[in-house]
1. Looking at region 39-69, which of its residues are surrounded by fewer than 19 Cβ atoms within 10 Å (Cβ to Cβ) and either within 15 Å of the ligand (Cβ to nearest atom) or of a type in the set (Asp, Glu) (or both)?
2. Take region 152-180 and flag every residue that is touching a residue at least 60 places away in the same chain (Cβ under 8 Å) and either within 10 Å of the ligand (Cβ to nearest atom) or of a type in the set (Asp, Glu) (or both).
3. From the list Lys193, Lys253, Lys249, pick out the single residue that is assigned to a helix (DSSP H, G or I), modelled with pLDDT of 95 or more and surrounded by 15 or more Cβ atoms within 10 Å (Cβ to Cβ).
4. Which residue pairs have Cβ atoms under 9 Å apart, sit 6 or more places apart or on different chains, and have a first residue in region 261-274 that is in contact (Cβ under 8 Å) with a residue 12 or more places away in the chain and a second that is of a type in the set (Gly, Ala, Ser) and part of a helix (DSSP H, G or I)?
5. Go through (1) among the charged types (D, E, K, R); (2) loosely packed, with under 15 Cβ neighbours inside 10 Å; (3) not in a loop (DSSP other than H, G, I, E, B) one by one and return the number of the condition Glu17 breaks.
6. May I ask you to verify whether Ile134 is within 11 Å of the ligand (Cβ to nearest atom) and part of a loop (DSSP other than H, G, I, E, B)?
7. Take the residues in region 196-223 that are part of a helix (DSSP H, G or I) and touching a residue at least 60 places away in the same chain (Cβ under 8 Å), then tell me which one is surrounded by the most Cβ atoms within 10 Å (Cβ to Cβ).
Amino acid sequence: MKRVYNFGAGPSALPLEVLQEAQKELLDFKGAGLSIMEASHRSKLYEAEHNGAIENIRKLYEVPNDYDILLLQGGASLQFAMVPLNLSLGNKVQYVNTGSWSTKAIKEANIQNLNVEIVASSKESGFDRIPQNINFSDDADYAYITSNNTIYGTQYKEFPLTKAPLVVDASSDLFSYPIDWSRVDLLFAGAQKNAGPSGVTIVIIKKDLLNRVGEGVPTILRYKTHADNNSLFNTPPTFGIYLLGLVMKWIDKQGGIKEIQKRNEQKAKLLYDAIDSSDGFYVGHAKKDSRSLMNVSFNIKDKDANLEALLIKEAEANDMIGLKGHRSIGGLRASIYNAMSIDGVQALVDLMQDFANRHK
Ligand SMILES: *Cc1c(COP(=O)(O)O)cnc(C)c1O
């Protein structure tokens, strides 16, 4: 069996053990004689998986009891619309713009004709940092940030303190470090980067926000609908939720989210050290104090597109894929989510050092 090191930004690598478990159970789930994919979402068989996934998210992520955990569809992109639909009270909503995903979220709030304010932005400097001194107003309907910027490779080291409810798009750093829930009121993420396959969106929302929703909002777009129905209002993405549950069990087996965080720090350090010790051959996109532990975006000196393409090609020849940077900044990007092993990162670092020596 061939398995590559997948550095793709998403959908991205899943733990091999998770895929093997799913393979083992695929045709005959726990002796029931059918696949979990074929089971009714109202069956005891499926409900155990559904509730188990939610319980494990609560346990591993230490989600307090005054928050609901919802498993939805539509991706993080639907949350760009659902957040303002559900949380806006008609006063003003405030955003920090740290890249393409924040920009898209801001666009959706504008479509709803809200009073949208950008309180801080790193656009001027090519989204190479998390802005300093972010000041949200106490009376904003909500305050919005993107915790990890998947394309530019920047990440908050600490969430801003707010009186207004803080909304966090954690699509690309979900479950990668413990959350200080005293600072967060709604956190959402598509599962496909750090938690499972595409098709499941995780929303963790403080219960006191559920009743804000206005009368004109369609039933399926209300968080309250899904909270009241334990995310079984309509047919959920059952197979994806089952896989999400397996990923949660895998995280537990690794020693929990603190252990995962430690490994993520080790992996990122390997790569950033390789960049910093290359005598300027490799140039990281993010300012050092804003560097992401999940997505490492970098160029080769003078943004040499030929050398960058050659390195990507050599990586592929060595079974390392998904390293091409996003078209908006070019270069390379190594996505090193929870499921990427230290061995995988070490293999990439070895190639990068060898490549630099040959082309300096
Ligand atoms: C990938 C990504 C999204 C978009 O996710 P979809 O599930 O494709 O809608 C949104 N925000 C961030 C930070 C992302 O990385």
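The values are calculated or read from the model by the stated rules, or taken from the named source; none is laboratory data. Note that the structure is predicted; figures quoted are calculated from it, not measured. All Cβ positions, even for glycine, are placed from backbone atoms using ideal geometry, and neighbour counts span all protein chains on display.
1. Glu47, Glu55, Glu62, Asp66
2. Asp169, Ser171, Ser172, Asp173
3. Details: Lys193 fails: assigned to a helix (DSSP H, G or I); Lys253 fails: surrounded by 15 or more Cβ atoms within 10 Å (Cβ to Cβ).
One residue alone meets the criteria, Lys249.
4. Correct list of pairs: Lys267/Gly344; Ala274/Ala356.
5. The failed condition is (2).
6. Numbers: within 11 Å of the ligand (Cβ to nearest atom): no; part of a loop (DSSP other than H, G, I, E, B): yes.
Against the criterion (within 11 Å of the ligand (Cβ to nearest atom) and part of a loop (DSSP other than H, G, I, E, B)), Ile134 does not qualify.
7. Taking region 196-223 first, the residues part of a helix (DSSP H, G or I) are 207-212, 219-221, 223.
So of that shortlist, the ones also touching a residue at least 60 places away in the same chain (Cβ under 8 Å) come out as 207-210, 212, 221, 223.
Details: Lys207: 14, Asp208: 11, Leu209: 20, Leu210: 18, Arg212: 17, Leu221: 16, Tyr223: 26.
Looking at the filtered set, the residue picked out is Tyr223.
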